[in-house]
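Peer 1: Could you have a look at this structure, given as structure tokens, before my questions?
Please treat every number below as a calculation from the coordinates, not as lab data. These figures come from a predicted structure and were not determined experimentally. For neighbour counting, all protein chains shown are included, and Cβ atoms are generated from backbone atoms with ideal geometry for every residue, glycine included.
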Amino acid sequence: MQTTDTTAAAANRPSPGRDETPFTATPREFGVGARLTLAVMADSYADVILEALEQADAAGLLVQTGKVSTYVSGAEQDVLRYLSQVIAAAGRSGAHVSAAVHLSRGCPGGVTCDIPEGGAALYSDIPHVEITGISATADWAIYPLADGGTGSAAADHMRDIYAAIEHAKSTGVTVTEDHYITRLDGDLAQVLQTIAAGWVLVGRSVQHVVTHATLSINSPSAS
């Protein structure tokens, strides 16, 4: 089931008082999106990259490809579908493929964001994509970017990072702790879902959340 950014999602916060207006926003208004950079180790790298971008389903998304990366904005489900299809198409070339993925939501100061201060967060469902049959490895890191707050809403970035890692361990991918990152191994779709799940789950209570991952497919290295 695909979603679009035309439906506003309610924030994960207590019910507003009589004089409060509940925070709602479409994913695009909230700055939900991704940047993707593909590197293909083959003489035909340009054709592989361009064909992968053309083949992916961009329904419901704003997609802009520049000299360095491709920007994608829209609902989490649509963003993840697009990323999976692009990376999988490149991986099926048989070449060693490296994909740098940057997911962000609630971007203060971003060119497309106009959201209230004070930690208003956007509730989203965890996106799911079809299994690709392609094995992938990712070096993954997540950054809850929050300041202040009190009680259960107090900012605690390590609490949220550890919660995301614990959730990753329940997804079926192989999770390995390493220097500065968490390594994920599994089907490309499962790896991307795990990355997106941590981003979405932390984003239910933290307004601005960024996650980075470098994925490798058909790597010539042994480990």
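Peer 1: Counting pairs of alpha carbon atoms under 8 Å apart in space and at least six apart in sequence, what relative contact order in percent does the range 24-217 give? Mind showing how you got there, number by number?
Peer 2: Details: 412 pairs, mean separation 54.0, N = 194.
Once normalised by length, the contact order is 28 percent.
Peer 1: Using R₀ = 30 Å, calculate the FRET efficiency as 1/(1 + (r/R₀)^6) where r is the Cβ-Cβ separation of SER219 and THR24; round to 0.05.
Peer 2: On the way: r = 43 Å, r/R0 = 1.43.
E(calc), rounded to 0.05, equals 0.10.
Peer 1: Further question: Within 10 Å of each residue's Cβ, count the other Cβ atoms and sort SER84, SER44, SER221, SER124 from fewest upward. Let's see the in-between values first.
Peer 2: Working: SER84 26, SER44 11, SER221 7, SER124 22.
Least to most surrounded, the residues fall as SER221, SER44, SER124, SER84.
Peer 1: If you don't mind, there's one more thing I want to ask. Dividing the convex hull volume of the Cα atoms of the range 24-217 by its residue count, what figure in Å³ per residue is obtained? Don't skip to the answer; put the middle values down first.
Peer 2: On the way: hull volume 22.2 nm³, N = 194.
That works out to 114 Å³ per residue.
Peer 1: Report, by chain and number, residues whose modeled amide H sits under 5 Å from the one on HIS96, excluding near sequence neighbours (fewer than 5 apart, same chain).
Peer 2: Under 5 Å from the amide H of HIS96: MET41.
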